[in-house]
Amino acid sequence: MFYARLHVTFVGVIATLVDSVVVAEFAGYCLHRLLHSDKFPALSRGHLIHHFLVYGPTQPMRAGEYHDATDHRFSLGNVGIEWLAPSAIILLFCWAAMGLLSVLPVYQALSLCTLLGWPILMFSYLHDRMHTENFWMTRVPLFRSWFLKARRLHDIHHRSVNSKGFMDTNFGIGFYIFDRCFRTLAKRHRAFNWQGYQSAIERYGLDESELVSLRGCSKALFHKEIGSRTVSQNTNRQMFNQMNTLRQGMPRQNVH
């Protein structure tokens with residue numbers, strides 16, 4: 001009776017949820033791609049702190065607990081300002097559009113909650129757990145296969161740098177529908193591009209000495225994930241120097 005007075009239907013609720021998730025996924029894809037395009041250097045640099053200083057291409061993707069890439073910067077739920085500011089604009093735009101289209105207030109509220117909640121679930125909670133060991137989804141048969149596949153594609157995103165120094169593949173997190181649509185999906189690691197890697201570091205003024213030392217990493221994990229046969233026995237700084245040596249001697253080495 002209450003729902004009837006509000007003209008709310010089951011089909012309407014499901015349609016609103018599905019539409020909102022699709023919009024959130026598309027917005028997340030576009031924003032993630034924008035952060036890797038250098039259209040807004042200040043925002044891109046904030047995102048690349050995560051990509052090059054905390055979970056860089058020459059570092060293990062998982063080594064204990066997640067290390068917040070927004071350390072010492074403003075963030076909400078481990079999400080930096082480079083995500084928060086554009087997301088707020090997108091949310092306001094969606095709210096205004098629904099008002100202009102005379103969408104029922106109930107559907108507006110449901111849509112806004114979904115548009116806010118889905119990115120938090122995917123781009124904060126799930127994404128962060130892709131960079132930790134022993135996440136519960138890896139132990140649950142129902143989610144294990146999907147999560148491991150999504151995590152592997154995200155690892156490829158972190159390690160695929162083109163010759164201009166941009167990461168240009170796998171912009172989704174849990175789902176890669178729009179990567180398929182826009183042909184940015186990569187299912188395999190490609191030969192590591194040291195020239196592009198160095199180009200990105202120089203473009204954003206990142207300190208190479210911090211690339212490994214910012215986060216202590218297990219030599220065993222480093223050896224396993226990078227596939228390097230020469231790992232320093234002392235400090236993480238020495239480990240990075242070893243990688244520079246490998247870069248000069250084996251520029252076509254594949255990253256596994």
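The values are calculated or read from the model by the stated rules, or taken from the named source; none is laboratory data. Remember, predicted model here, so these are calculated numbers, not experimental data. Note that we place each Cβ from the backbone using ideal geometry, even for glycine, and neighbour counts take in every protein chain shown.
Only residues that are within 13 Å of residue 94 (Cβ to Cβ) and among the small types (Gly, Ala, Ser): list them for the range 108-145, please.
Of the range 108-145, the ones within 13 Å of residue 94 (Cβ to Cβ) are 108-116, 118-119.
The answer is 109, 111.
Residue-by-condition table, conditions (1) at pLDDT 85 or above; (2) β-branched (Val, Ile, Thr); (3) within 30 Å of residue 200 (Cα to Cα); (4) surrounded by 15 or more Cβ atoms within 10 Å (Cβ to Cβ):
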| position | (1), (2), (3), (4) |
| --- | --- |
| 8 | no, yes, no, yes |
| 53 | no, no, yes, yes |
| 72 | no, no, yes, no |
| 78 | no, no, yes, yes |
| 81 | no, yes, yes, yes |
| 89 | yes, yes, yes, no |
| 99 | yes, no, no, no |
| 106 | yes, yes, no, yes |
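Checking residue 173 against (1) modelled with pLDDT of 85 or more; (2) buried (at least 19 other Cβ atoms within 10 Å of the Cβ); (3) out of contact with any His (no Cβ under 6 Å at 6 or more places or on another chain), only one condition comes out false. Which one?
Among (1) modelled with pLDDT of 85 or more; (2) buried (at least 19 other Cβ atoms within 10 Å of the Cβ); (3) out of contact with any His (no Cβ under 6 Å at 6 or more places or on another chain), residue 173 violates only (3).
Mind listing whichever residues of the range 116-134 are crowded, with 20+ Cβ neighbours inside 10 Å, in contact with a Lys or Arg (Cβ under 9 Å, 6 or more places away or on another chain) and not aliphatic (A, V, I, L, M)?
Start the filter on the range 116-134 by keeping residues that are crowded, with 20+ Cβ neighbours inside 10 Å, which leaves 118-119, 123, 127, 130-131.
Then keep just the ones that are in contact with a Lys or Arg (Cβ under 9 Å, 6 or more places away or on another chain); that gives 130-131.
Once the filter is applied, which keeps residues that are crowded, with 20+ Cβ neighbours inside 10 Å, in contact with a Lys or Arg (Cβ under 9 Å, 6 or more places away or on another chain) and not aliphatic (A, V, I, L, M), the range 116-134 yields only 131.
So is residue 87 touching a Leu at 6+ places or on another chain (Cβ under 9 Å) and closer than 22 Å to residue 44 by Cα or not?
Numbers: touching a Leu at 6+ places or on another chain (Cβ under 9 Å): yes; closer than 22 Å to residue 44 by Cα: yes.
It is true that residue 87 is touching a Leu at 6+ places or on another chain (Cβ under 9 Å) and closer than 22 Å to residue 44 by Cα.
Consider residue 195 against the criteria (1) more than 17 Å from residue 32 (Cα to Cα); (2) buried (at least 16 other Cβ atoms within 10 Å of the Cβ); (3) at pLDDT 50 or above: it satisfies all of them except one. Which criterion is unmet?
Failed condition: (2).
So is residue 66 surrounded by 13 or more Cβ atoms within 10 Å (Cβ to Cβ) and modelled with pLDDT under 85 or not?
Judged against the criteria, residue 66 is a match.
Filter the range 160-183 for residues that are polar (S, T, N, Q) and within 14 Å of the chain's Cα centre (by Cα) and give the result.
First, pick out the residues of the range 160-183 that are polar (S, T, N, Q): 160, 162-163, 169-170.
Those that are polar (S, T, N, Q) and within 14 Å of the chain's Cα centre (by Cα): 160, 169, 170.
Being aromatic (Phe, Trp, Tyr) and surrounded by fewer than 18 Cβ atoms within 10 Å (Cβ to Cβ): is that true of residue 182 here? First the steps, then the outcome.
Working: aromatic (Phe, Trp, Tyr): yes; surrounded by fewer than 18 Cβ atoms within 10 Å (Cβ to Cβ): yes.
So residue 182 passes the test.
Name the one entry in 113, 94 that is over 21 Å from residue 10 (Cβ atoms) and either exposed (fewer than 15 other Cβ atoms within 10 Å of the Cβ) or touching a residue at least 40 places away in the same chain (Cβ under 8 Å) (or both). It would help to see each step written out before you state the result.
On the way: 113 fails: over 21 Å from residue 10 (Cβ atoms).
Within the list 113, 94, the selection yields 94.
Note down all Cβ pairs under 7 Å where the first residue falls in the range 179-199 and is of a type in the set (Phe, Trp, Tyr), the second is surrounded by 15 or more Cβ atoms within 10 Å (Cβ to Cβ) and outside any loop (DSSP other than H, G, I, E, B), and they're at least six residues apart or on different chains.
Close Cβ pairs (under 7 Å, with a partner that is surrounded by 15 or more Cβ atoms within 10 Å (Cβ to Cβ) and outside any loop (DSSP other than H, G, I, E, B)) amount to 192/159; 194/247; 197/161.
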